[in-house]
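Undergrad: Provided herewith is a single structure, encoded as structure tokens, for subsequent inquiry.
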Amino acid sequence: MLYIKKQDYEKILAYCRKKLPEEACGLLGGRKYGRDCQVEEVFFLTNMDHSSEHFSMNPREQFTVQKKIRNRTMELVGNFHSHPDIPAVPSEEDQRLAWEREFRYLILSLSEKPELRAFVLEGKELIEEECIMKEIKS
């Protein structure tokens, strides 16, 4: 199960809307608790493809984010990208590029009502995982 703060979901949603019509992407820092995962921080990256159909994360930005995650004693627990005009279902390319077990792959669809779905790799297929949004009171 994946846990994400509602505020982090709202940041992802705002970023993905700002990047329309392109796909937006980023990385997720957090902590793993057995098979469960808590997102602690969201990092926004540049889609170097500038495409509405696929994305490639900027390698330099990825490296910088991974250093920040380590320095904050978190783990790289997943990534996210948007689907500007199709459902939040892994495309063939998404399936092909998924390689890390216990890694969370989040897809945010902006096609109608925004929908965030989380997936994990089981065998050679991305399988949907329950995603719980939590309200964090300050």
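Undergrad: Please go through (1) assigned to a helix (DSSP H, G or I); (2) under 21 Å from Met1 (Cβ atoms); (3) modelled with pLDDT of 95 or more for Asp94 and return the number of the only condition it doesn't satisfy.
TA: Going through (1) assigned to a helix (DSSP H, G or I); (2) under 21 Å from Met1 (Cβ atoms); (3) modelled with pLDDT of 95 or more one by one, Asp94 breaks only (3).
Undergrad: Next question. The conditions are (1) more than 25 Å from Leu20 (Cα to Cα); (2) buried (at least 17 other Cβ atoms within 10 Å of the Cβ), and Glu130 fails exactly one of them. Which is it?
TA: (2)
Undergrad: Just checking, which of Val77, Val39, Val89 is β-branched (Val, Ile, Thr), surrounded by 14 or more Cβ atoms within 10 Å (Cβ to Cβ) and modelled with pLDDT under 95?
TA: Val89
Undergrad: Step by step: first the residues of segment 97-122, then only those that are part of a loop (DSSP other than H, G, I, E, B) and more than 20 Å from Gly34 (Cβ to Cβ), then the one that is nearest to the chain's Cα centre (by Cα). Which residue is that?
TA: Only one residue tops the list, namely Ala98.
Undergrad: Condition first: farther than 25 Å from Gln7 by Cβ and in a loop (DSSP other than H, G, I, E, B). Now tell me which residues in segment 123-138 satisfy that.
TA: Matches in segment 123-138: Gly123, Lys124.
Undergrad: Would you check if Val65 is crowded, with 18+ Cβ neighbours inside 10 Å, among the β-branched types (Val, Ile, Thr), modelled with pLDDT of 95 or more and not in a helix (DSSP H, G or I)?
TA: No: the conditions fail for Val65.
Undergrad: Anything in segment 21-58 that is more than 15 Å from the chain's Cα centre (by Cα), closer than 19 Å to Asp94 by Cβ and not polar (S, T, N, Q)? List them, or say none.
TA: Pro21, Glu22, Met48, Asp49, His50, Glu53
Undergrad: Any idea which residue in segment 112-127 is modelled with the lowest pLDDT, counting only those that are surrounded by 13 or more Cβ atoms within 10 Å (Cβ to Cβ) and either among the charged types (D, E, K, R) or closer than 16 Å to Ala88 by Cβ (or both)?
TA: Among those that are surrounded by 13 or more Cβ atoms within 10 Å (Cβ to Cβ) and either among the charged types (D, E, K, R) or closer than 16 Å to Ala88 by Cβ (or both), it is Leu126.
The values are calculated or read from the model by the stated rules, or taken from the named source; none is laboratory data. Quick caveat, the model's predicted, so the values are computed rather than measured. No Cβ is skipped: glycine too gets one built from the backbone with ideal geometry, and neighbour counts run over all protein chains shown.
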